[in-house]
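What follows is one structure encoded as structure tokens, with my remarks underneath.
The values are calculated or read from the model by the stated rules, or taken from the named source; none is laboratory data. Keep in mind that this is a model prediction, so the values were computed, not measured. Neighbour counts are summed over all protein chains in view; Cβ atoms, including those assigned to glycine, are modelled from backbone coordinates with ideal geometry.
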Amino acid sequence: MVAEHLSPPMTILVVDDSASNLLVMTKLVGKMPGCTAVTFASAVEALSWCDHHQPDMVVVDYMMPELDGLAFVERFRGLAHCADVPLMMVTVADLREVRHRALEAGVNDFLGRPVDATEFLMRSRNMLRLRQSQRQIAAQLEELTRSNEELARFAHVMAHELQPPLRIVSNYLQLLQRRLEGRQEGETDVFITKAFDGAKRMLGLVSSLVDYARVGTETEPLILVPCRPAADAAIAGLADAIAGTRATIDIGPLPLVMGEPGLLAKLFQSLLSNAIKFHAEGVAPRVRLGAERRGEQWWFHLTDNGIGVVPEDVERIFTLSERGLARDRYEGDGLGLALAKKIVERLGGSIWVDSRPGEGSTFWFVLPVATGERAAQP
């Protein structure tokens, strides 16, 4: 029978005043792959350790001189972060009164001495599976909470950003209809153009929202991807914006990372588009993209000579929120950096900006170094 490997690594706290008992329990814990024993001969010292650590399971002896097992359990359960940790008590005999009180204090299971190795391993695995399930439920609850918060922001942005272009389409199409009834077509082209512009912006916003929603929901397995082709694809997609602003894009050596080709292209396009869009009036955008390795991380940097970011917006620009700049001056939907942040987090990294108003910005994002990858790709 293949031993079950518990993941992530599980810590089992063993508290017993007998050195021989601690040695026996340590050897048994060592037979469970993925488990590590932390041992204490003193219940008081064990509680002090628990003040700053959270074990995945506790095995405690009942008969101890300084502080017996029952008193240990009561104090242990009083620690908020240890309230749901599985706990097994070891007793010499079938002390019914003790067991009754121990159950009330929060003991989950009992084991008699001498300890039967097979029984201990079976019960421990069951308790650790319970612990894993608790962790998974907690993680899912946290993710659900985060998703609900994003959904609320998503709905707010939809209401805020979709209403103006929809009103434009509705109002100008209504005007167009009235004008055609009178057969006076002098301004017909203007009305049609306004309607088209509003519809185009609405479709662009919807497209960005769909891209945002897909990240994390329609995921593919991460593979080793060269960043340079993804950056080139992003530049190709911004050809009109680059030509229209006479922007200069300089790309240094970029590495291979674990990711999805499509997501990396969208990440680079979002950051490059932002740098090109928010340039100073009358100044052609200059953008530099590169990466450097620091330890087990790749630090990407994208530097521009744009208008910069005011201090109070350095975090807000990465969230789903209303646009802070005039729509008449800067086109777009305001979701590019929020999409970039979500992609970076999907790839296991983080993103931030260093900027001063009027002095340009440097956007940083950090991604893990792929296993076995050492060289940057030109």
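Filtering Pro65, Pro33 for residues that are more than 15 Å from Asp17 (Cα to Cα), in the same structural domain as Arg101 (by TED's automatic domain parsing) and assigned to a loop (DSSP other than H, G, I, E, B) leaves a single hit, Pro33.
Reported count of residues in the range 296-318, each being assigned to a loop (DSSP other than H, G, I, E, B), out of contact with any Pro (no Cβ under 9 Å at 6 or more places or on another chain) and more than 18 Å from Leu272 (Cα to Cα), is 1. When you check Ile317 against the structure, is it among the hydrophobic types (A, V, I, L, M, F, W, C), buried (at least 21 other Cβ atoms within 10 Å of the Cβ), at pLDDT below 95 and more than 21 Å from Gly252 (Cβ to Cβ), yes or no? Yes, satisfied. Of the residues that make up the range 359-369, is at least one among the acidic types (Asp, Glu) and either at pLDDT 95 or above or surrounded by 17 or more Cβ atoms within 10 Å (Cβ to Cβ) (or both)? Looking through the range 359-369, none of the residues is among the acidic types (Asp, Glu) and either at pLDDT 95 or above or surrounded by 17 or more Cβ atoms within 10 Å (Cβ to Cβ) (or both). Close contacts from the range 91-105, counting a first residue that is modelled with pLDDT of 80 or more and a second that is among the basic types (Lys, Arg) and in a loop (DSSP other than H, G, I, E, B), with Cβ to Cβ under 8 Å and a gap of 6+ residues or different chains, come to Thr91/Arg113.
Residues in the range 101-118 that are closer than 17 Å to Met63 by Cβ and within 44 Å of the chain's Cα centre (by Cα): how many? Counting residues in the range 101-118 that are closer than 17 Å to Met63 by Cβ and within 44 Å of the chain's Cα centre (by Cα) gives 7.
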